[in-house]
1. Go through (1) more than 16 Å from ligand 2 (Cβ to nearest atom); (2) within 22 Å of residue 163 (Cα to Cα) for residue 233 and report which single condition fails.
2. Quick one: is residue 43 surrounded by fewer than 19 Cβ atoms within 10 Å (Cβ to Cβ) and either within 28 Å of residue 209 (Cβ to Cβ) or in contact (Cβ under 8 Å) with a residue 12 or more places away in the chain (or both)?
3. From the list 50, 57, 107, which one is within 16 Å of ligand 2 (Cβ to nearest atom), surrounded by fewer than 20 Cβ atoms within 10 Å (Cβ to Cβ) and either assigned to a loop (DSSP other than H, G, I, E, B) or within 23 Å of the chain's Cα centre (by Cα) (or both)?
4. Pick from 26, 30: which is touching a residue at least 60 places away in the same chain (Cβ under 8 Å), over 16 Å from the mean Cα position of the chain (by Cα), surrounded by 14 or more Cβ atoms within 10 Å (Cβ to Cβ) and within 15 Å of ligand 1 (Cβ to nearest atom)?
5. Can you report the number of residues in region 140-189 which are assigned to a helix (DSSP H, G or I) and at negative phi?
6. Give the residue, chosen from 91, 14, 52, that is within 13 Å of ligand 1 (Cβ to nearest atom) and touching a strand residue (DSSP E or B) at 6+ places or on another chain (Cβ under 8 Å).
7. What residue, of 169, 217, 197, is within 17 Å of residue 235 (Cα to Cα), modelled with pLDDT of 95 or more and away from ligand 2 (no atom under 15 Å from the Cβ)?
8. Of all residues being within 9 Å of ligand 1 (Cβ to nearest atom) and in a helix (DSSP H, G or I) in region 113-139, which is nearest to residue 96 (Cα to Cα)? Just the residue, please.
Ligand code: XBP
Ligand code: MG
């Protein structure tokens, strides 16, 4: 059995359920501040989540949702400014402790550290959002737990392109075969598997119906002692013992 040396985590939807009551609310607050009558409902935001990257999502909305803005001459700058304002709202929400970590995340991170495993992050979101979430949920020192925080515009192509995971592996100087990726979305699984990584999925409300056939294991959540996970699918589903929560021993069986 190959040695498991590093765990690489997606952020939004995986470490925490940040999309519906976090990013979506931050976008709407930035739209209001800018005097725009745009309102991304829970349903519309779920559709827009197919487009990864907040700036890309705003551009898609402008171009495909018939918002006949008197197209600002400097569209790129308009989008960048609007997205920067949204990021301030999101990081303020994190500072206020608006969104907790998902079940099992803090426990598994600690178990991995105790086992001497390396940790990394590979996310489409803006770096400031990652550090704000980590600071508010695990304390400022937790940022240093991750050897790599690969986030946002650091790579030319966002998920589902493999770039962000390839970048994280290169920074870790590890082969994909000795790492596991943790994701919540089909875009994320496509990105991680495209970089050669086996991937464990914990679904959420927005991604429950997506295609996870490429995933190694699909669960409803990482689980906690006394709060077991549900196995929903994946290539390893029928070989996983009934640990009932994801721990390091179980992860090692997935390589
Ligand atoms: C999810 C995304 C991000 C967030 C919004 O990232 O696609 O765009 O929705 O963050 P991941 P930004 O699941 O890879 O963590 O507005 O900063 O892009
Ligand atoms: Mg995600």
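The values are calculated or read from the model by the stated rules, or taken from the named source; none is laboratory data. All figures in this text were calculated on a predicted structure; none of them were measured in a lab. FYI the Cβ positions are ideal-geometry reconstructions off the backbone, even for glycines, and counts take in every protein chain you see.
1. Just one mismatch for residue 233, condition (2).
2. yes
3. 50
4. 26
5. Here the count works out to 25.
6. 14
7. 217
8. 129
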